[in-house]
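Novice: Here you go, one structure.
Since every read-out is calculated from the coordinates, none of them should be taken as a lab result. As the structure is a computational prediction, the values presented were derived from the model and not from experiment. Note: ideal-geometry Cβ built from the backbone for every residue, glycine included; neighbour counts use all protein chains shown.
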Amino acid sequence: MSTWIDDYYADVDAMRLEAFVERHSDDAAVVFGNNPPSVGKEAIRAAIGGFWSMIGGLRHERRNLWFVNDGATAVLEVVTHYTTKGGAKVRVPCVSLLDRNADGQGHLPARPHRPGPAVRADRRGAGRATGDGDRVSRRHDGRVAVVTGGANGIGWAHALRLAREGATVAVLDLADGADVVAQMEAEGGKGLTVKVDLTDPDAVGAARDEVDATAGRPHILVNNVGVYPNQPFETLTVDDWRSIFAVNVDTMFHATRAFLPGMKEHGWGRIVNMASNAVGLVIPGYTHYIASKMAVIGFTRGLATELAEHGITVNAVAPSLVRTATTEAGPAVFFDVVPKLQAIKRVELPDDLTGTVSFLASDDAAFLTGQTLFVDGGLVRA
C-alpha cells in the first residue's frame, strides 16, 4: 500500500509508537521470523502501525522486519523504504522498537516528544470527540476568542484548538479565514472571520465592532500575526525598520487597545502574544526581527503589570522554527540545522504550541502573568 502521510517527523527513532494504532495498524504487513519474541502479536502490530504512520512527507514503498531474541531482550528491527515527494529513495532503519522488560513482558518504549492529544487520556471522557477520535476539554466554553493572523499556519492551529475547547473564535487576518472557520464548524465549533489590515488602527476598531456584534465581546486575544524577513542590518532602510515593527508590534497594540475594554467589562481576560526564541539566539540578518520580538516581551511585561487588577493576564510564547507553508518557502537548510541545536531534535509543528496557548488562555493560568514561555524544544535553555 502506498500513501502520503501529512505529519512530518524527522526523528523516527524516537517516535511514539502507539498514537495512531487504531487508524493504521492494519496497513502494516507483519512478518514473523522463525523465532519470534514471546510478546503479544497485538503489541507488535501496534508498534509497527504506529511507527509507519509517523513518517511524514514520505511515501511508503516496502518494509523489512525481523526479530532478534537473545533470551534477555526481544528486539523488533525495522528497515523501511520510502520515496520522497522529490523522487529520492530513502532507507530508514529503526531498531529496538519493542523490548522485553525485566519481567519478560513486551512493552512499548517511553513516550517521546511529539504533539499529544488536546487533553490527558484520563480526562478525555469529559469533553467531546474531534474528527480524529481524540477528545478535548471544554475549558473555554462560553468564551469568545480573537486570533490575529489566524487564516494560516500557527494562527490557524491556535484558532482550531480554542474552538475545539469550546470558544467562539474570531479570525482576524488580511487573508480570508473562511477555510479555518469552515473546519471549526465541521467539527462542531463556532467561528467567524473578519478581513482586516491589522496595522490600521481604524480598521481594527471596525473589526472589533463586527466581532462584538456577531459573537459578543471577546475574553481572549491571541496576538499571533507577524513577519520575519531576513535582511542584513546595513541594507535596512528606515521604512524597512518601521515596516517590521508595524506588523510585529503595532498590530498587538492596536488589537489590545481595541479589545481591552470588553475584557475589563467582563472582569476577566487573557492576552497571549507570540514572541520568538530568536531573542535568545545569535542569527545574522534578523536584527530588526529580534528587536521587534524583544519589544513584544517588553510590551507583555508592562501590560501585565497594568492589567492584573482587572483580572486580565498577559503572557507571551516564544517558539522555535515552526514548520508552516510560509517557513517552508524559506531556506530548507534551516530545517536541518535548527532541530540539531534543540534538546528535542525534531522540527517544531504548530500543534506543539497550541496546548501552551490554550493553557495561558484558561482559568488554569490565573496566577501566571508577565511571563514569556519558550516552547522551542529546549533550544533556548534559560
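Novice: Hey, what's the Kirkwood Rh for the stretch 276-341 if you take every pair of different alpha carbons, in angstrom?
Specialist: Answer for the stretch 276-341: a Kirkwood hydrodynamic radius of 13.9 Å.
Novice: Let me ask another. Quick one: give the max-minus-min coordinate of the C-alpha atoms of the stretch 121-375 along each principal axis, largest first, in Å.
Specialist: Its Cα atoms span 51, 40, 35 Å along the three principal axes.
Novice: Let me ask something additional. Would you mind checking LYS195/LYS264; LYS293/LYS340; LYS190/LYS345; LYS190/LYS340; LYS195/LYS293 for any pair whose Cα atoms are more than 32 angstrom apart?
Specialist: Details: LYS195/LYS264 25 Å; LYS293/LYS340 23 Å; LYS190/LYS345 36 Å; LYS190/LYS340 39 Å; LYS195/LYS293 24 Å.
Cα-Cα > 32 Å for LYS190/LYS345; LYS190/LYS340; rest within.
Novice: Let me ask something additional. Please turn the phi angles of the stretch 214-226 into ³J(HN,Hα) values with the Karplus equation 6.51 cos²θ - 1.76 cosθ + 1.60 (θ = phi - 60°), one per residue in order, whole Hz, x for glycine and proline.
Specialist: Once rounded to whole Hz, the list reads 8, 10, x, 6, x, 9, 10, 10, 10, 7, 10, 4, x.
Novice: Residues with amide H under 5 Å of LYS190's amide H, sequence separation 5 or more or different chain, H placed in the peptide plane at 1.01 Å from N; which?
Specialist: VAL169
Novice: Starting with the fewest neighbours, write out LEU260, LEU198, LEU236 ranked by other beta-carbon atoms found within 10 Å of each beta-carbon.
Specialist: The most exposed by this proxy come first: LEU236, LEU260, LEU198.
Novice: Next question. Can you pull out the trypsin sites (Lys or Arg not before Pro) in the stretch 334-382 that DSSP calls coil and that have at most 14 other Cβ atoms within 10 Å?
Specialist: ARG381
Novice: If you don't mind, another one. Write down the radius of gyration of the stretch 240-382 and its Dmax, each obtained from C-alpha positions, in Å.
Specialist: 15.9, 48
Novice: While we're on this one: I need ARG323, ARG161 ordered by Cβ neighbour count within 10 Å, fewest first.
Specialist: By the 10 Å Cβ count, ascending: ARG323, ARG161.
Novice: Return GLU187, GLU165, GLU309 ranked ascending by Cβ neighbour count within 10 Å, so the fewest neighbours appear first.
Specialist: GLU309, GLU187, GLU165
Novice: Across the stretch 228-236, in residue order, what do the Karplus-derived ³J(HN,Hα) couplings come to in whole Hz, using 6.51 cos²θ - 1.76 cosθ + 1.60 with θ = phi - 60° and x for Gly and Pro?
Specialist: My calculation for the stretch 228-236 gives 8, x, 9, 7, x, 4, 5, 9, 6 Hz in order.
Novice: Taking amide H positions as placed 1.01 Å from N in the peptide plane, with prolines and chain starts having none, which residues 5 or more places from ALA275, or on another chain, fall under 5 Å of its amide H?
Specialist: VAL317, ALA318
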